[in-house]
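Taking it in order: structure first as structure tokens, then the write-up.
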Amino acid sequence: MGAFLGLRRRGSAFALMITCSFMAQAQQEDKAGKVTDDKPKVVRAANDTKDAKDISYEEAGIKLALNTQQIVRLDPLIIKGQAQTISRNQPFSVQVFDKEFIAERQVSQLEQLFRETAGMEVRGLGYGSVANSITLRGFSGGGHGGDIGFVVDGIPLNEASSHADGYADLSVIVPLEINAMRIFKGPVSALYGNFNRAGVIALETRRSGKYAEVDVRGGMFGTADLQAAAGGNLYGVDLNAAVQTYYTNGFRPQSNSERYTGSVSAGYDFSDKTRFSIAGRVHMAEADTASVITQAQYDNRRNQKAFFAKDPNVQNDGTDKDFYTVRGDLSHAFTPQITAAAFAYATTQTFRRSFTRLTNATTWQQRQEDYDRDVLGFGVNLNGKHDLLLKPLRWTLGVERYEENTLYKYADALNNGQFTAATLTGGANGGSGTLNRNLRTNYISLFAQTEWELNPYFRPSFGIRKDFIDGGCTGRGLETRTGASAQCGKMADFDITTPKFGFRSTLWPKLLEGRFSLAEGFALPSDAAKFTPGINVKPITFRQLELGFTFTPGSMLVVDIAHYQIDSKNEVALPNPLLLDYVNIGKTKRIGTEAEIRFHPTDWFEATAAVSRFNSRITESLQPHLIGANVTGVPQNMATFTGTVRPMKGVAITAIGRILGRWPINLPSATAGQTYYDGYETVDLIASYEPKRQPGNVRQRYFIQVFNLTDQRYASSAGVTGGVRTYNPAPPLTVLVGASLKF
């Protein structure tokens, strides 16, 4: 909502939801003593030394006036629009998790934190090294699809043509390397383009500071997770590194998974005004997959062994991924008010996945997909702060270009990975057949965003983004698949403009804050449509209207409520698959209310609640039976309740309860209505003990995590495959123990 801050209180971190207007000034001070918050209470003298003392704002102004030139020191990494992404004046809902909160929750993947955000849910697919589906703002295709944008230090993590348009895998990130994670809800920021219709997950890595941390845990199902992160300065170079190794046998047969991730960065100041940094990342993962279960197996969930068993029709499914990336950044301060930042970026990746699923009521079929992906990107942006009518105005201007090429191979009707006669038989619109092609997508993006502190009652923000997207498909080998899903040709040239506007208002100082925003986003047509030669369908457009309020009657209680509506138009339909006549017909409406409450009456107790209600429906379609249907994969109700008690010094016990209402798992047909999954309720526990730290000693924290405390037998996701209801079993009761050390 307004913001969701990870704060520390007596050795325990908790997430505090509070509006951006009351958000603590985002101070970031480097070794030179530079302060980068919006309105610092204190600054340091221009000619700072190790003996310099804090002085008041007024005193600093006098001293600076006596100098002919101000010294400007850059942040460890300049990210486009950085001052605005952490600003208290953002007119839309943003949730923030800082590194202290991330460390306290002891997560092996960042997506485990999404359950503590109102309106978010992770629908676990149970396929090791394959991204799960994430729900946000009435969309259900984040991560595994392209409904949510993911960026790491401003660089997109989404994949244009890898498994799904906009696929993003957060397992390539080490949780301990993250300085902050910001969740922007809806297509609200002009700094990000494609894949942000539901919102953007913006990750900021640690690029400075002296620290050394180790986090190790292990327990049931042969699970072991080791994370380490370190930072320091060597001969004037800021060095930061993080590693993670994770392994589990899995709670089902044929479900072992392992991954290894490492990241490193180095930054050097050529002067107070110019900084260069370089960073790299490596990720390798392998996993076996037990696939889905059928209705009969799900109905037998009282029998634990039967419920988690692998269906005998599932073959040797698995995943293998290698990911390598490198980037360089150069930033320069032209004046104390204007800073430029440029980057260059490259990624190479291989991703193989095999998957057995039902193609009809009696037939199981294995398919395999291979992706060899290469990305090149570069860009430059200007960031400034000036006074307009004697009021602070922040602005960002930028241009970026990305070129992404993916060699895509697909084969169906396999027998344990080997071709069969059916593999070489073309299957119309899916099923059998092969594909072997190169998919190319190019982006050129222009963006501008401003934020003006005109007065406490009206603090407007404006943004606009222009995306030029083109590309195409070229064959590279044998293809036996036919029909609409097998087309391969030049992509239409897309020219998309998405404006943003909003404002914040202090309705009652220190008591009530309001916000309003209107923003547009977009989605490209699916691969089947955009690579069909001669088809010029428009992108799908989304418009979000949001109104929110934050009520803070005292230090003990914070309540934030947001109501939004997202309307889509120009949904892409295919009236006649034989004619390949794609058209822009179709609309949806997503209406939702999200509320976050934080109650902290004493130092030994705190509680939070994150609740939401959705109504996501199809309002226009060529097929009359779809009008009024619910958007699939979106629960109507979600709630997370957390409570933390500290019965004695150094001891903290946190309970997290999750309630997920029912959601539709398919669309209705002309003869049958929608099918629903009933949802579930779970409880997790985290208990920790942190001994009193003696001067010069290692800070220690020991913990135990209990997931699914009541051992509920439920499905983390469900669907209809080949006309048959299928389920992905969620983990049973799981216990892990571990330790966190900070040197």
Notebook entry, point to check: Which is more than 26 Å from residue 305 (Cα to Cα) and in a strand (DSSP E or B), of 705, 700?
Noted result: 700
Next item on the list: From the list 323, 308, pick out the single residue that is buried (at least 17 other Cβ atoms within 10 Å of the Cβ), of a type in the set (Phe, Trp, Tyr), within 22 Å of the chain's Cα centre (by Cα) and at pLDDT 95 or above.
Entry: 323
Next item on the list: Determine, yes or no, whether residue 521 is in the same structural domain as residue 406 (by TED's automatic domain parsing), out of contact with any Asp or Glu (no Cβ under 9 Å at 6 or more places or on another chain), surrounded by 22 or more Cβ atoms within 10 Å (Cβ to Cβ) and touching a residue at least 12 places away in the same chain (Cβ under 8 Å).
Entry: yes
Checklist line | Any chance residue 226 is at pLDDT 95 or above, assigned to a strand (DSSP E or B), over 24 Å from residue 169 (Cα atoms) and more than 20 Å from the chain's Cα centre (by Cα) | finding: no
Next item on the list: Look at residue 362 and say whether it is surrounded by fewer than 16 Cβ atoms within 10 Å (Cβ to Cβ), farther than 30 Å from residue 448 by Cα and out of contact with any His (no Cβ under 9 Å at 6 or more places or on another chain).
Entry: yes
Margin query: With the requirement that a residue be among the hydrophobic types (A, V, I, L, M, F, W, C) and out of contact with any Asp or Glu (no Cβ under 9 Å at 6 or more places or on another chain), what does the range 356-374 give you?
Written below: 358, 361
Notebook entry, point to check: Looking at the range 528-579, which of the residues that are assigned to a strand (DSSP E or B), within 22 Å of residue 611 (Cα to Cα) and small (Gly, Ala, Ser) is farthest from the chain's Cα centre (by Cα)?
Noted result: 554
Check: Where residues in the range 511-526 are among the small types (Gly, Ala, Ser), over 13 Å from residue 545 (Cβ atoms) and assigned to a strand (DSSP E or B), which of them is modelled with the highest pLDDT?
Finding: 514
Check: What residue, of 231, 218, is of a type in the set (Gly, Ala, Ser), surrounded by fewer than 16 Cβ atoms within 10 Å (Cβ to Cβ), in a strand (DSSP E or B) and modelled with pLDDT of 95 or more?
Finding: 218
Checklist line | Per-region count, the range 588-637, residues among the charged types (D, E, K, R) and either without any contact (Cβ under 8 Å) to a residue 24 or more places away in the chain or surrounded by fewer than 16 Cβ atoms within 10 Å (Cβ to Cβ) (or both) | finding: 2
Margin query: Please go through the range 306-340 and give me each residue that is of a type outside the set (Val, Ile, Thr), over 23 Å from residue 168 (Cβ atoms) and in a strand (DSSP E or B), ordered by number.
Written below: 330, 331, 332, 333, 340
Note to self: Tell me whether the range 193-214 contains one or more residues that are surrounded by fewer than 16 Cβ atoms within 10 Å (Cβ to Cβ), in contact with a His (Cβ under 8 Å, 6 or more places away or on another chain) and at pLDDT 95 or above.
What the structure shows: no
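Every residue, every condition in (1) of a type in the set (S, T, N, Q); (2) at pLDDT 95 or above, yes or no:
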{"site": "460", "(1), (2)": "no, yes"}
{"site": "488", "(1), (2)": "no, no"}
{"site": "506", "(1), (2)": "yes, yes"}
{"site": "509", "(1), (2)": "no, no"}
{"site": "528", "(1), (2)": "no, no"}
Margin query: Against the conditions (1) over 20 Å from residue 81 (Cα atoms); (2) surrounded by fewer than 21 Cβ atoms within 10 Å (Cβ to Cβ), where does residue 546 fall short? Just the number, please.
Written below: (2)
Margin query: Go through (1) over 25 Å from residue 506 (Cβ atoms); (2) at pLDDT below 50 for residue 40 and report which single condition fails.
Written below: (1)
Item checked: Counted residues, the range 138-174 - those being closer than 15 Å to residue 321 by Cα, modelled with pLDDT under 90 and not in a loop (DSSP other than H, G, I, E, B) -> 1
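The values are calculated or read from the model by the stated rules, or taken from the named source; none is laboratory data. What you see is a predicted model; the values in this text were computed from it and never measured. Positions of Cβ are backbone-derived with ideal geometry, glycine not excepted, and every protein chain shown enters the neighbour counts.
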